[in-house]
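The values are calculated or read from the model by the stated rules, or taken from the named source; none is laboratory data. Because the structure is a prediction, the values reported are computed rather than measured. Cβ coordinates were reconstructed from backbone atoms using ideal geometry, including for glycine residues, and neighbour counts include every protein chain displayed.
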Amino acid sequence: MTKKESAYSQIMVVRPFDIEAQRMICVMNHADVMELGIFPLDRVEIKVVESKKRIVTVVDVTKTMVKPNEIGVFNDVKEELSLKKGSRVKITPVPKPVSLEYIKKKLNGEELKENEIKEIVSDISKNALSEIETSAFVSAVFMQGYTLDETVAMTKALAENGKEIKISKKPVVDKHCIGGTNGRTTMIIIPIVASAGCFVPKTSSRSITSAAGTADVMEVLANVSLSISQIKNITERIGAVIAWGGALDLAPVDDEIIKIEHPFSLDPPGQVIASVMAKKASVGSKFVVIDLPVGPDVKIHTKEKAEDMARKFIAVGKHLGMEVQAVLTDGTHPCGRVFGPMLEAKHVMQILEGEFFDDLAQKSCELAGLLLELCGKAKKGKGYTIAKEILESGKALKKMQQIIKAQGGQYIKSSKMPKLKLGKDVLAKESGTIDKINVRKCNTVARIAGSPADKEAGLYLYVEESNIVKKNQPLFKIFSKNKRKLKLALNYAKKNEIVELEHNIIKTMR
């Protein structure tokens, strides 16, 4: 950012506020703003008269919080400049960041250059952009999309702006699912490939749109808030971790962007690719399998869009020195019977313990097999067999037990995990054959019930597609610790067709 001092500055007195803004913001009286010729969300440089320390902040305006010639600062600014009540500071207007011009350029549908994307990422990382300005950038990306060159540039910028985890052992591998469905394949794949001699510093996200993210589910079993040194140590010692990536600063700007995407569940494909690949690069992954579920009720609706994303993942991987295999998977039906952290954690452990081998186990072994082939731990066409043998032999369970223990948890057999107490069945309104189970609506029910914040909230399916059901037969059960949320989830489930029966008449017209 270019800082040209205005011809007019003003000495002001500091008034601290004990508030964490997580932004470099100051509060100024309306009279002072008029005097300096600035507007709300403009920038000023705050320079401490005694120490000469200085930073640039965004201006918020008030008529009552601070008096004329007094400037309000939150803890972020106070700590950065070592300010106290009554400190004297010099306030000087400064120009807006040049990155705002690049954001406007993107809003107009123009392609951004690598240096322009780096400038935007840099300004977000320094809190030089307000939330409104960062939101404008996210909106521009959502509306206009990224070219391949922009995606590569954003990936590099996100990775370079954060910290790295350097694993000394090889091969370092990873797997990522774009999401939108249920079933924690990651928690089955990771112990399988780690048992085969791979190293997986797996950093996972919390849920954005689904009932639970991998970090939400793993947190039922063990601590997921690990430091970079813990992740490195555990991975090199036992082969893998399954941690939450949100507190690691691996790609901190990406986390800021995700916060803004979250309220509207925005997931622009180019930003998704950059987000995923930046975090894979930051942990040193060299072999990556990307799972792209396709279906009308998940994030990727068509095969054509999935293929386009797959090509971009592979291309970005090449630019970063990774071997990437992208896999289109069936997202038209649930992957397993459960939605929600505790239910999904139990389901994963049941598979690892060998209680059953369902479609979630099948998909996990298929993906694990591809990863083993990709990194040379299995011959072409033999990966699935090896992965399934590792699972059925109990080696994957033993490895998962080691991971849980290393992350501060204690292994509890699935049959002894706490039983969910507060739940209500939803019954079939009529007899018939089940044609479809709507994955998106299942996720919505679980989220209304309180998932993922409430680990016990979720949905358990009694039935599968093609099952024949009778009127008043239980279709699924909704769980929640909160009676009010349980009632809201039940109301939603009754008004929306979660489980759809076959009908010969598609539409009537007159």
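The set of residues in the range 183-208 that are part of a helix (DSSP H, G or I) and under 23 Å from residue 317 (Cα atoms) comprises 186, 189, 190, 193, 194. In the set 376, 408, 369, only one residue is of a type outside the set (Asp, Glu), touching a Phe, Trp or Tyr at 6+ places or on another chain (Cβ under 7 Å) and either on the phi > 0 side of the Ramachandran plot or surrounded by 14 or more Cβ atoms within 10 Å (Cβ to Cβ) (or both); that residue is 369.
In the set 389, 373, only one residue is of a type in the set (Asp, Glu), in the same structural domain as residue 217 (by TED's automatic domain parsing) and within 28 Å of the chain's Cα centre (by Cα); that residue is 373. Filter the range 4-32 down to residues that are within 39 Å of the chain's Cα centre (by Cα) and either assigned to a strand (DSSP E or B) or of a type outside the set (Lys, Arg) (or both), then give me how many there are. Adding up the residues that qualify gives 15.
Scanning the range 412-436 for residues that are part of a loop (DSSP other than H, G, I, E, B) and of a type in the set (D, E, K, R) returns 413, 419, 421, 429, 430.
Note on the range 437-505: enclosed strands (runs of 3 or more DSSP E) holding 2 or more residues that are modelled with pLDDT under 95 are 499-501. Among the residues of the range 209-235, those identified as among the hydrophobic types (A, V, I, L, M, F, W, C) and either over 13 Å from residue 451 (Cβ atoms) or not in a loop (DSSP other than H, G, I, E, B) (or both) are 215, 217, 218, 220, 221, 222, 224, 226, 228, 231, 234. Counting only residues that are of a type in the set (Val, Ile, Thr) and free of Cβ contacts under 8 Å to residues at least 40 places away in the same chain, the range 450-488 holds 2 of them. Of the candidates 465, 430, the single residue that is of a type in the set (Asp, Glu) and closer than 25 Å to residue 180 by Cα is 465. In the condition set (1) surrounded by 15 or more Cβ atoms within 10 Å (Cβ to Cβ); (2) under 22 Å from residue 221 (Cα atoms); (3) modelled with pLDDT of 95 or more, residue 394 is compliant with all but (1).
Residues in the range 299-333 that are crowded, with 23+ Cβ neighbours inside 10 Å and assigned to a loop (DSSP other than H, G, I, E, B): 299, 331.
Checking 168, 207 one by one, the residue that is hydroxyl-bearing (Ser, Thr, Tyr), touching a residue at least 60 places away in the same chain (Cβ under 8 Å) and not assigned by TED's automatic domain parsing to the domain that holds residue 363 is 168 and no other. Checking each residue in the range 259-292 for being assigned to a loop (DSSP other than H, G, I, E, B) and either of a type in the set (Lys, Arg) or modelled with pLDDT under 85 (or both) picks out 265, 266, 267, 286.
Residue-by-condition table, conditions (1) at pLDDT 95 or above; (2) on the phi > 0 side of the Ramachandran plot:
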position	(1), (2)
145	no, yes
150	yes, no
154	yes, no
160	no, no
165	no, no
171	yes, no
175	yes, no
181	no, no
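Residue 251 passes every criterion in (1) over 30 Å from residue 100 (Cβ atoms); (2) modelled with pLDDT under 95; (3) surrounded by 24 or more Cβ atoms within 10 Å (Cβ to Cβ) apart from (1). With respect to the conditions (1) surrounded by fewer than 21 Cβ atoms within 10 Å (Cβ to Cβ); (2) free of Cβ contacts under 8 Å to residues at least 60 places away in the same chain; (3) touching a strand residue (DSSP E or B) at 6+ places or on another chain (Cβ under 8 Å); (4) not small (Gly, Ala, Ser), residue 433 falls short on a single one, namely (2).
Residue-wise test of (1) under 23 Å from residue 211 (Cα atoms); (2) among the small types (Gly, Ala, Ser).
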residue: 401; (1), (2): no, no
residue: 405; (1), (2): no, no
residue: 409; (1), (2): yes, yes
residue: 423; (1), (2): yes, yes
residue: 456; (1), (2): yes, no
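Taking the criterion of being surrounded by 13 or more Cβ atoms within 10 Å (Cβ to Cβ) and in contact with a strand residue (DSSP E or B) (Cβ under 9 Å, 6 or more places away or on another chain), the residues of the range 416-430 that qualify are 420, 422, 423, 424, 425, 426, 427, 428, 429.
Of a type outside the set (S, T, N, Q), within 20 Å of residue 344 (Cα to Cα), in contact with an Asp or Glu (Cβ under 9 Å, 6 or more places away or on another chain) and in contact (Cβ under 8 Å) with a residue 60 or more places away in the chain, is that true of residue 413?
Values: of a type outside the set (S, T, N, Q): yes; within 20 Å of residue 344 (Cα to Cα): yes; in contact with an Asp or Glu (Cβ under 9 Å, 6 or more places away or on another chain): yes; in contact (Cβ under 8 Å) with a residue 60 or more places away in the chain: yes.
Considered against the rule, which asks whether it is of a type outside the set (S, T, N, Q), within 20 Å of residue 344 (Cα to Cα), in contact with an Asp or Glu (Cβ under 9 Å, 6 or more places away or on another chain) and in contact (Cβ under 8 Å) with a residue 60 or more places away in the chain, residue 413 comes out as yes.
Scanning the range 60-118 for residues that are basic (Lys, Arg) and surrounded by fewer than 18 Cβ atoms within 10 Å (Cβ to Cβ) gives 63, 67, 84, 85, 88, 90, 96, 104, 105, 113.
Does residue 180 satisfy the criteria of being touching a residue at least 60 places away in the same chain (Cβ under 8 Å), part of a loop (DSSP other than H, G, I, E, B) and under 16 Å from the mean Cα position of the chain (by Cα)? It is true that residue 180 is touching a residue at least 60 places away in the same chain (Cβ under 8 Å), part of a loop (DSSP other than H, G, I, E, B) and under 16 Å from the mean Cα position of the chain (by Cα).
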